[in-house]
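The structure appears right after this line, and notes come after that.
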Amino acid sequence: MKKRSEVPEDAKWDLSSLYKNLEDFNKDFDYLTNNYKKYSEFEGKLNNAKDIYDFFIFDEEFSKKYEAVYNYSARKFDEDITDFKYQEISGKLDKLMTNISEVTSFVVPELMKLTEEDVNKFIKELPKLELYRWEFRNLLRVKPHVLSSEKEKLISLLSSPLSALEEIPSYLCDSDIKFGKITNGEGKEIELTNNNYSLYIADKNRDVRKKAFYTYYKQFSNMQNTFASAYSSYVKYNNINAKIRGYKDAREAALFGGNIDSKIYDNLIDTLHKNLSIMNDYYALKKEVLGLEETHIYDIYAPLISESDKKYTFDEAKDIIIKSLSILGKDYTNVLQKAFTDKWIDIYPNIGKRGGAYSAGCYTSNPFVLLNFNGKFHDVSTLAHELGHSMHTYYSIKNNPYIYHHYKIFVAEVASQVNEIILARYLIEHTDNKLEKLNILDSLMELFKGSIVRQTMFAEFEKITHESENSGKVLTSKFLSDTYYDLYKKYSGDVMISDPEIRYEWERIPHFYYNFYVYQYATGLASACYIASNILSGKKDALEKYLKFLTLGGTMDPVDELKVAGVDISDPEVIQSAMDMFKDTIKEFKELYKK
C-alpha cells in the first residue's frame, strides 16, 4: 500500500471547490472563531420581522462557512488519519461547535414564542421572509416540545458528557476487549479483533469460521453486564428526554423531526412478520450450495460459490456505471460524468486513509466520494451507491436555496440503493459469465437480508427495549440477551440453527445507539426497489417522478417526497414488493445454479 504522497494526483479528489489551499481555509476558520459570538447580538430580539430576517441572513452566511470548513477538515483528515495537523484542526472544530451550540441555545426557544399569526404578520410586513415560511412551519411544529431558554442551555451543556454513552461500546469493541487468537486457513495464528472478525466469519474454511464465532462471542458473554449498563442507561436517557419534552415515548420523539408516523415503523415490522418464511428458503439454499448437513450462524456469511475472478479497473467501473445508469436520462448521465472529470472521487486505499466509503459535501462545493477501490464487483457496486448519494446531494443543492438543500435521513438511502439495483440488473443482463451472475445475485440476496430483514429485527429490538424500560422493566443483561435471542430465532427461521452464543450480538451493534435510526435502512431499500422496478419496467412517468424527487431537498416532509417519486411508504405493498423481489432473486439464483 502506498503512502498518501505516492498516490497519483489523478486518483485523488480535488478539494479546490472547497478551498484552494490551507491559507484560504484558515481565513474562514478565523472568521468563524471571531464571529460566532455575534449570534448573541440577536438574543432577545427574535420577535420582529427585521431582526428575524437579519438573523436568518447572518446564520446562512456563518453556516455556509462552517460547513465548508468542517468538510475540508474532515476530507483532509480522512486522507490520512495519522496526519497530526488535521487531528489538531478537528479538535479545534469540535471545541468551536460546542461554543456555537452554547451561544445559539436561545434561538429555538425565542422563535418558539411566535405564533402562526405572528409569522403571517411578519411576512406581510417584510415579503422577503416568505422564503422562510416552510422553516417557520417546521419550527412551530416543534413548539410543544421545546423548553425554556435556560433549560435548553442546560441540556446543551449536558449533551456532551451524555454522548459518552454512545462511545463506551465503541471503545470496548474496538480497543479494550481482547478477543484472543485463532488459526487461519493457512495454519497461521492471528489475533482476532472487532475489525477483522468479518473476514474470518466469512472464511471459506468452516473450521476457521466456527473458531472465530465462538472465540468472538465468548468475550461478549464475559462483558454482558458492562454493555447492559451502557445500553440501558442510553435507553433510559432517551425515555427521560422524551418525557421532559412532552412526547408520548422515545420513538415518537425520534421520528418527530421527519414527521414520520409511528404506523410506518409498525407497518414495516408487521409486513416482515408475514414474510419471514423466506428466510427458510434463503438458508435452505445456503445449506444446499455449501453442501452442509446442518447450517449454523457461522456458515451464513460464507461465500455461496467460489468468488468470480472477474476484476474491474476503475475506468471499467466508470464506464459500466455510466452505461447502466443511462436509463436515468441524459442530464443525470452528464452530471455523473462530472464526478469523474472534475475529480469528486478519492479512489484507492493508501496508508492512513479512512476505510470504507462515503459521500459527503456542502452547499458551496460539489459532493465528494471516498473509496478504497480494489477492483471487485463489491467495489463497483459501492461506487454506484456512493454516487447515488452524491447525485441526490447535487440536485438538492442545485434546485434549492441554502436553507432547504438538506434532505432528511429518512430518504437518504433511496438514491444510493436505486443505483445499486439498476447496476446489478444491468450487469446480470449484459454478461454471459454465469459465475459473475451468481455472484451478483448472491450480493443482492445479502442486500435484502442485511438491509431489510436484519435491520427490521434491530428496529423491533429497539422498540421492545424502549417500551419495556418505559413501563418500569429493568434492562438487565439477561433480559436484553433473551429478548435479542428470541428475535434472532424468529427472523432466521428453522433451517438455520441459531446458536445460543448469538444472544450477545446486541452488544456489538453500534446502531443501537443511533436512536431509532436503523428502520430507515429497510424503508429506504424497499422504496428504492419500488422505484427501480418501475423505471426498469418502463412504467409511465416513473423516471420523471424519480428525477423530480431528487431535486426536492428539504422542501417537503420526507414521506411526501417519496410520494412525489411514486412511493407511498405507509402502504404495506411497498415493503411487500421488496420481499417479493427477494423471493424472485432466490428463485433466479436457484435456476441459474442448477444450470
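The values are calculated or read from the model by the stated rules, or taken from the named source; none is laboratory data. Source: prediction; values computed, not measured. Methodologically, a virtual Cβ is constructed for each residue, glycine included, from the backbone with ideal geometry; neighbour enumeration extends over all protein chains shown.
General remarks:
- Filter result for ASN366 (buried (at least 20 other Cβ atoms within 10 Å of the Cβ), more than 26 Å from LYS76 (Cα to Cα) and modelled with pLDDT of 95 or more): no
- Condition met for TYR265 (in contact with a Lys or Arg (Cβ under 9 Å, 6 or more places away or on another chain), farther than 24 Å from GLU501 by Cβ, of a type in the set (Phe, Trp, Tyr) and buried (at least 19 other Cβ atoms within 10 Å of the Cβ)): yes
- Here the condition is being touching a strand residue (DSSP E or B) at 6+ places or on another chain (Cβ under 9 Å) and either farther than 20 Å from SER156 by Cα or in a loop (DSSP other than H, G, I, E, B) (or both); of ALA74, ALA68, it holds for ALA74 alone.
- Considering (1) touching a helix residue (DSSP H, G or I) at 6+ places or on another chain (Cβ under 6 Å); (2) more than 24 Å from TYR332 (Cα to Cα); (3) among the hydroxyl-bearing types (Ser, Thr, Tyr), the lone condition that SER527 does not fulfil carries the number (2).
- Only a single item in (1) modelled with pLDDT of 95 or more; (2) under 26 Å from GLN455 (Cα atoms); (3) not assigned by TED's automatic domain parsing to the domain that holds ILE421; (4) not β-branched (Val, Ile, Thr) is not met by LYS248, and it is number (1).
- Some residue of region 521-541 being assigned to a loop (DSSP other than H, G, I, E, B) and either β-branched (Val, Ile, Thr) or touching a Leu at 6+ places or on another chain (Cβ under 7 Å) (or both): no
- In region 285-306, the qualifying residues are those that are modelled with pLDDT under 95 and among the hydroxyl-bearing types (Ser, Thr, Tyr), and the one that is nearest to GLU505 (Cα to Cα) is TYR301.
- Reported count of residues in region 539-564, each being without any contact (Cβ under 8 Å) to a residue 40 or more places away in the chain, within 19 Å of SER396 (Cβ to Cβ) and over 23 Å from the mean Cα position of the chain (by Cα), is 2.
- Residue count for region 37-89, restricted to those that are closer than 22 Å to LYS27 by Cα, of a type in the set (A, V, I, L, M, F, W, C) and either more than 23 Å from the chain's Cα centre (by Cα) or at pLDDT below 95 (or both): 7.
- Residue pairs meeting the criteria (Cβ under 6 Å; at least 6 apart or on separate chains; first touching a residue at least 40 places away in the same chain (Cβ under 8 Å), in region 436-461; second of a type in the set (Lys, Arg) and surrounded by fewer than 19 Cβ atoms within 10 Å (Cβ to Cβ)): GLU436/LYS310
- Selected residue (criterion: farthest from SER577 (Cα to Cα)) from residues of region 268-280 that are surrounded by fewer than 16 Cβ atoms within 10 Å (Cβ to Cβ) and not small (Gly, Ala, Ser): ASN280
- Inter-residue pairs, beta-carbon under 8 Å, first within 21 Å of SER533 (Cα to Cα) and in region 584-595, second surrounded by 16 or more Cβ atoms within 10 Å (Cβ to Cβ) and of a type in the set (Ser, Thr, Tyr), 6+ apart: ILE586/TYR282
- Those residues of region 103-121 which are assigned to a helix (DSSP H, G or I) and either in contact with a Ser or Thr (Cβ under 6 Å, 6 or more places away or on another chain) or of a type in the set (Phe, Trp, Tyr) (or both), in sequence order: VAL103, PRO109
- Scan region 242-265 for residues that are assigned to a helix (DSSP H, G or I) and touching a residue at least 60 places away in the same chain (Cβ under 8 Å) and the total you get is 10.
- Residues that are small (Gly, Ala, Ser) and either in contact (Cβ under 8 Å) with a residue 40 or more places away in the chain or closer than 24 Å to PHE25 by Cα (or both), drawn from region 329-388: GLY329, ALA339, GLY352, SER359, ALA360, GLY361, SER365, GLY375, SER381, ALA384
- Exclusive hit being without any contact (Cβ under 8 Å) to a residue 24 or more places away in the chain and not acidic (Asp, Glu), set LEU290, LEU276, LEU268, LEU285: LEU290
- From the options ASP83, ASP28, residue that is surrounded by fewer than 19 Cβ atoms within 10 Å (Cβ to Cβ) and free of Cβ contacts under 8 Å to residues at least 60 places away in the same chain: ASP28
- Residue match in region 458-471 (condition: assigned to a helix (DSSP H, G or I) and under 30 Å from SER537 (Cβ atoms)): yes
- Scanning region 300-358 for residues that are under 26 Å from the mean Cα position of the chain (by Cα), β-branched (Val, Ile, Thr) and outside the structural domain of TYR282 (by TED's automatic domain parsing) yields a count of 9.
- Pairs linking a residue in region 521-538 that is under 19 Å from GLU429 (Cα atoms) and not assigned by TED's automatic domain parsing to the domain that holds VAL559 to a residue that is among the acidic types (Asp, Glu) and modelled with pLDDT under 95, with Cβ atoms under 6 Å and 6 or more positions apart or on different chains, do not occur.
- Condition check for TYR70: closer than 17 Å to ASP94 by Cβ, assigned by TED's automatic domain parsing to the domain that holds SER101 and in contact with a Cys (Cβ under 8 Å, 6 or more places away or on another chain): yes
- Of all residues in region 154-189 being of a type in the set (Val, Ile, Thr) and at pLDDT below 95, the one that is farthest from PHE516 (Cα to Cα): ILE177
- Any hit, region 185-196, residues being assigned to a helix (DSSP H, G or I) and surrounded by fewer than 13 Cβ atoms within 10 Å (Cβ to Cβ): no
- Residue count for region 413-436, restricted to those that are closer than 30 Å to GLY554 by Cα and either assigned to a loop (DSSP other than H, G, I, E, B) or not small (Gly, Ala, Ser) (or both): 9.
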